[in-house]
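Derivation of every value follows stated rules applied to the coordinates shown; laboratory data play no part. Note that the structure is a prediction, hence the values are computed from the model and not measured.
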Amino acid sequence: MRVAVMYSPKHRKLEAFAKVLGQALEKGGHRVDYVHIEKADRPANVNRYDSVYLGSVPEGTFGGKVPVEVSEFVKQCRGINNAKSAAFMTKGLMFNTKGLRRLM
């Protein structure tokens, strides 16, 4: 299966988690493509992937917001609405599932 792991590389903790996730998927026999959200010159076409993992960091006082660059990138991705997907977030000062729900 082809898998896309999309994340923001400007956050080291998130990048490290995305790499560990990708390595685990590769050990399971999947082909993993890493998509750096800020470094991408154009939105991804996720129709070619069997599943998509989207990573972000929580923003806001209580960690209930998704960064603007992540939400704008996702809005521009083609085929994201029909893709099998999962989301992951790093833990902020307080663990709040509101940001994770908004990301999904």
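Given 0.36 nm per residue, what is the gain on full extension from residue 34 to residue 82 after removing their alpha carbon distance, in nm?
Working: separation 48, 0.36 × 48 = 17.28 nm, distance 1.95 nm.
Length gained, residue 34 through residue 82: 15.3 nm.
Calculate, in nm to one decimal, what residue 10 and residue 72 gain on full extension: separation in residues at 0.36 nm each, minus their alpha carbon distance. Intermediate results must be reported in sequence, preceding the final value.
Working: separation 62, 0.36 × 62 = 22.32 nm, distance 1.62 nm.
Full-extension gain reported as 20.7 nm.
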